[in-house]
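Each reported figure results from applying straightforward, stated rules to the coordinates on display, with no laboratory input. Since this is a predicted model, take the numbers as computed values, not measurements. Cβ: placed from backbone, ideal geometry, glycine included. Neighbour counts: every protein chain shown.
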Amino acid sequence: MEKTIKKIGVLGGSFNPPHNDHIRIAEYIRNRLDLDLFLIVPNALPPHKDTCHVEFSHRRRMLQILTENHSALQISDLEKDPNVPHYTIDLIDKIKSEYPQSTVFFCMGMDSLIYLDKWRNGLDITDKCNIVVIGRKGYSVDDSNPEVKDYLKTHAVYESDSTFSEKLNEKKGNCFLLKECFNDVSSSKIRQEFEEYYKTAEQHMDLAEYADKFPYSLTYLDRGIIEYIVKNSLYRKRES
């Protein structure tokens, strides 16, 4: 008999490129909240980013490489259309339509929460589901925009709160703030390392040479993803 999907975690983003902390965060939240399903949703056309020049198919393939040993994480193609911008508020509607009986937890980092009022209907997301916020080094809830601070007065549920476990059973209305803190990984710094490599490289390197060329990327990228990026010449500097 198939297990009932009661609780679903959702992590969206451009994943440009996907890195190890994406997986660490997803697995941590999945285990902490005892989720039945965790969806990773790459966005073909992020509305707030103009640096996502790598095709959706490449970013999805890199996610496949990254998650191949994480069977509990499932890649979703709900935002694969490259012709229209995709917004979280609409993504939640799609997921709730597909899983009408499930409780949805949309996951984000503290670096996103503090600017949530700048998202399209960002402060209305908890009218449809719950939000889960993971700590990011260098960011604090105290850094939130004024509108977000007001929002948190009525929606925040801290992990130390006595009502935390009880609130997890509610289908919407809560913004759960977890204590665990992860590194603020710079995707732009990763992309920059590859740009610099392409300026001087005459041929593709073998894996043994990566350590000197990609010191930051090797810290956060799966080696299979580094190989994929180099093989497909991703993150070359675009001609102006």
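Quick notes
- Ranking of His155, His53 by count of other Cβ atoms within 10 Å, fewest first: His53, His155
- Reachable aspartates and glutamates, given that their alpha-carbon falls under 15 Å from the alpha-carbon of Lys149 and they are not under 8 places away in the same chain: Asp111, Asp117, Asp124
- Charge dipole of the chain (Cα centre as origin; +1 on each Lys and Arg Cβ, -1 on each Asp and Glu Cβ, all else neutral): 220 debye, rounded to the nearest 20.
- Backbone N under 17 Å from the Lys179 label point (7 Å along Cα→Cβ), restricted to the range 106-120: none
- Checking the cross-link pairs Lys96/Lys153; Lys80/Lys167; Lys96/Lys171; Lys80/Lys172 against a 22 Å limit on the alpha carbon distance flags Lys96/Lys153; Lys80/Lys167; Lys80/Lys172 as lying beyond it.
- Considering only Thr200, Thr219, Thr126, the mean-square fluctuation computed in a Gaussian network model of the chain, springs between alpha carbons under 10 angstrom, is largest for Thr200.
- With both labels modelled 7 Å from their Cα along Cα-to-Cβ, the Asp81 to Arg61 distance reads 2.5 nm.
- Charged side chains reduced to their Cβ positions (Lys and Arg at +1, Asp and Glu at -1) give the range 110-197 a dipole of some 220 debye around its Cα centre.
- Fewest-first ranking of Phe182, Phe56, using other Cβ atoms within 10 Å as the exposure measure: Phe182, Phe56
- Per residue, the Cα convex hull of the range 7-182 amounts to 112 Å³.
- As a proxy for reagent exposure, ranking Met110, Met62 by other Cβ atoms within 10 Å from fewest up yields Met110, Met62.
- Helical contribution to [θ] at 222 nm, DSSP H n ≥ 4, -39,500 (n - 2.57), averaged over the chain, rounded to 500: -10000 deg cm²/dmol
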